[in-house]
Amino acid sequence: MTWFSIIVSGIVTYFSRMAMVALIDREMLGTKVKEVLNYVPAAVFPAIIFPGVFFNDFGFLVEITDPKIYGAIVALVVGFYSRSVIATIVSGLLSYWFIIFFLLR
Amino acid sequence: MLSKSKIFFKGIVAVLPHMLSVIPFGIITGAIGVELGFDPILVYATSLIIFGGASQIIFMQLLSGGASSLVAITSVGVINSRHLLYGAVLSEYLEKLSFIKKLIISYFIVDQGFAESNKYLRQNKNLSNPHYYVLGTGVTLWFCWQLSTISGIILGSFIPEELGLKFAIPLTFLAIIVNDLRKLDHVFVMLVSGFASLILFNAPFKSYIILSPIVALIAAFIMLRFKK
């Protein structure tokens, strides 16, 4: 079943790359649609970020003191000023580890 | 007149700075796949068959969390709908290719490669073989992606669970959109998506992952109307 899902996902992904190049006339995508497609990353990724920070493994909202929240805030600030992908991820993980391994022990 | 190999090489050079983010992202993708309990072969298969970091992580996260295949596949589709835009923009430069070549080059269209190709080709409209540039970026990213996810899969089996590597998932996606935080319209769409996902999180079949982006895109559409 997992294999099946991977293959179908692969076909879907490939189709999204290929459709406008090989099948559909690019004029078919109106300016409106293009403008909205610009926002796809902004519309998709927060739906992964927010639950990943604010929910625990059991599907409950975490407390305001949860280390994940502080890790995310550090990553957000560092990312905003550094504009670096690595700095964002590393600062978030390090501050998270610092809290769970040093402050909470 | 630039030769084909020169154009290809220019494409390679253009994406090299992106390796600073692509390689760690690939390592995280591989490591998280193993951490989520997937067979290493399956994790690698996603790199080869899906070949898209964000969709691979979300796909594996959803399946391991008990989502149905349908939800996992649909969310991959939603995430990758942005490729339609890339294709529409690049098709101007790929028009003269044969159908088969179009089919092959499409597999290599990825975010960073698109960004660089778009930048370069817009400034060099009269290039005779623009597709070699696209191919140079895409093939380079492809190789690095395959190698870095494989390294991640190997590393992942050594990373202890106490480290809570799963937290790297939201951080990675935060890193992807961090450059858009300076644009208020994008921030607005992000907040709509984020709060929608919190409200819809317990909706059946993990459908929040599809519904929240749709809500946010509708918000974007309405916002665009008011902007004019």
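Here are the numbers for this structure:
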| item | result |
| --- | --- |
| Which listed residue, of B:N118, B:N126, is over 19 Å from the mean Cα position of the chain (by Cα) and surrounded by fewer than 19 Cβ atoms within 10 Å (Cβ to Cβ) | B:N126 |
| All helices (runs of 4 or more DSSP H) inside the stretch A:1-100 with 2 or more residues being touching a Ser or Thr at 6+ places or on another chain (Cβ under 8 Å) | A:2-18, A:40-44, A:46-54, A:67-82, A:85-98 |
| Residues that are under 25 Å from B:F173 (Cα atoms), among the aliphatic types (A, V, I, L, M), in contact with a helix residue (DSSP H, G or I) (Cβ under 8 Å, 6 or more places away or on another chain) and surrounded by fewer than 24 Cβ atoms within 10 Å (Cβ to Cβ), drawn from the stretch A:7-52 | A:I7, A:V8, A:V12, A:M18, A:V36, A:L37, A:V40 |
| Helices (runs of 4 or more DSSP H) completely within the stretch B:45-134 that count 3 or more residues being closer than 18 Å to A:M20 by Cα | B:69-80, B:82-94, B:99-106, B:111-123 |
| Scope the stretch A:5-27; condition more than 7 Å from chain B (Cβ to nearest Cβ) and either under 21 Å from the mean Cα position of the chain (by Cα) or at pLDDT 95 or above (or both); matching residues | A:I11, A:F15 |
| Lone qualifier among B:T46, B:T29 - being at the interface with another protein chain (Cβ under 7 Å from one of its Cβ atoms), among the β-branched types (V, I, T) and under 27 Å from A:F4 (Cβ atoms) | B:T46 |
| Spans of helices (runs of 4 or more DSSP H) in the stretch B:149-228 with at least 1 residues surrounded by fewer than 18 Cβ atoms within 10 Å (Cβ to Cβ) | B:184-200, B:208-227 |
| Boolean, B:F188 is more than 7 Å from chain A (Cβ to nearest Cβ) and free of Cβ contacts under 8 Å to residues at least 12 places away in the same chain | no |
| Criterion violated by B:V15 - all others in (1) away from every other protein chain (no Cβ under 11 Å); (2) farther than 29 Å from A:T2 by Cα; (3) surrounded by fewer than 19 Cβ atoms within 10 Å (Cβ to Cβ); (4) of a type outside the set (F, W, Y) satisfied | (3) |
| Every residue from the stretch B:66-85 that is more than 7 Å from chain A (Cβ to nearest Cβ) and surrounded by fewer than 23 Cβ atoms within 10 Å (Cβ to Cβ) | B:G66, B:A67, B:S68, B:L70, B:V71, B:T74 |
| Only listed residue being within 19 Å of the chain's Cα centre (by Cα) and either within 21 Å of B:I209 (Cβ to Cβ) or more than 9 Å from chain B (Cβ to nearest Cβ) (or both), chosen from A:L76, A:L93, A:L37, A:L104 | A:L37 |
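The values are calculated or read from the model by the stated rules, or taken from the named source; none is laboratory data. The shown structure was predicted, so the numbers you read here are calculated from the model rather than taken from an experiment. Note: ideal-geometry Cβ built from the backbone for every residue, glycine included; neighbour counts use all protein chains shown.
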